[in-house]
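Written out below as structure tokens is the structure these notes cover.
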């Protein structure tokens, strides 16, 4: 989980995250470097299905299960859509969607910020939340004193050296009456959290529990963990999200709504049938570890909608609170107006 957030953040030249778990997909699924043709998102006649390209954020994982379910069940086809799932380029899903080489993709509220505000903004917005709450936090070996933010004092934290990442960590440490200057920041891109913690390479890692945290459970590693949103509600932002090219969506509202409706069916199936949904993901990405996928799916199936009635809904107050915090702390080049970068208009 952490790895994919880093890729997105570096691609946007700012900010942080959302952990790992692009590969071949259940339809055509080729590398996105040339996958989306100039005809993507269009159809030649009333009888032809609308062609849509969807770009992942990283390798297939349980954040994407609803997408693969909708594809496998034929729900995109039923909606008159020809959906191609592609891998992200090195400069991130946001760039591909912003250029309309993909009409939809996966991103994160924090890492998509440079795409939706400032001098280099593009026609991109979040159109659905994959999960309702930020399930990321800090994981460490159990009993090492890092079950709360103050415990990071004197410990080695694996940092991406990104402004929002470190500002977030500073905020939660200080909220727990800790001294952030005493946290040892170790530049590191951890791809195997279990090995990194066991070896002592680092003491604490920012992870998305639904993948990397569950992976530590699968490995039998005992850990401590705290989530950012439990320390400060401002960090209960939306990560990950489905993004769309807003120009294309405005020109194709029926197709946009049809795509999100089929996608919603995919995630609702995963909520009700986590084991069967995991099997569909594994069929599309057989390189994944079955035990991890099944356990992660069980965890995330409870998070896709959480307490809300409508999958995908984005609460404006929570969205604006996070960007407001960025404004207050001067963490972005420009002031971000309220309601920047998202819409619920295409959801059922």
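Rule-based calculations on the coordinates, nothing more; no lab input. Source: prediction; values computed, not measured. Using ideal geometry, Cβ is built from the backbone for each residue, glycine included, and neighbour counts are taken over all protein chains shown.
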Item to complete: Would you order 237, 313 from fewest to most other beta-carbon atoms within 10 Å of each residue's own beta-carbon?
Response: 313, 237
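Report the calculated FRET efficiency for residue 309 and residue 340 (r = Cβ-Cβ distance, R0 = 22 Å), to the nearest 0.05.
Details: r = 25 Å, r/R0 = 1.15.
Efficiency, rounded to the nearest 0.05: 0.30.
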Worksheet, complete the sentence: the stretch 278-348 and the stretch 87-118 have their Cα centres apart by a whole-number Å value of 14 Å
Practice prompt. Just rank 268, 94, 255, 48, fewest to most, by other beta-carbon atoms within 10 angstrom.
Written response: 48, 268, 255, 94
Discussion item. On a full-extension model of 0.36 nm per residue, what is the gain between residue 142 and residue 175, subtracting their alpha-carbon distance, rounded to one decimal in nm?
Written reply: 9.7 nm
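Okay, helix-only estimate at 222 nm for the chain: each DSSP H run of n ≥ 4 adds -39500 (n - 2.57), divide by all residues, round to 500 deg cm²/dmol; what do you get?
Values: 14 runs with 122 residues, N = 348.
Calculated mean residue ellipticity at 222 nm is -10000 deg cm²/dmol.
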Worksheet item: Once a ≥ b ≥ c are taken as the square roots of the eigenvalues of the Cα gyration tensor of the stretch 129-200, is the result rounded (a/c under 1.5), prolate (a/b larger than b/c) or oblate (a/b not larger than b/c)?
Response: rounded
Worksheet entry | [x] 137; [y] 119; [z] 306, with the label sought being that of the calculated volume of the Cα convex hull per residue in Å³ | [y]
Practice prompt. Would you mind checking the stretch 132-153 for residues with the amide N under 19 Å from a putative spin-label position 7 Å along Cα→C-beta of residue 198?
Written response: 139-144
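With a 10 Å Cβ neighbour count serving as the proxy for reagent exposure, in which order, fewest first, do 248, 311 appear? Working shown, then result.
Values: 248 20, 311 25.
Lowest count first: 248, 311.
What relative contact order, as a whole-number percentage, does the stretch 99-234 give when Cα pairs under 8 Å and 6 or more residues apart are counted?
Worked out over the stretch 99-234, it gives 33 percent.
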Item to complete: Evaluate the distance, in nm, between pseudo-label points positioned 7 Å from the Cα of residue 232 and of residue 186 along their respective Cα→Cβ axes.
Response: 2.5 nm
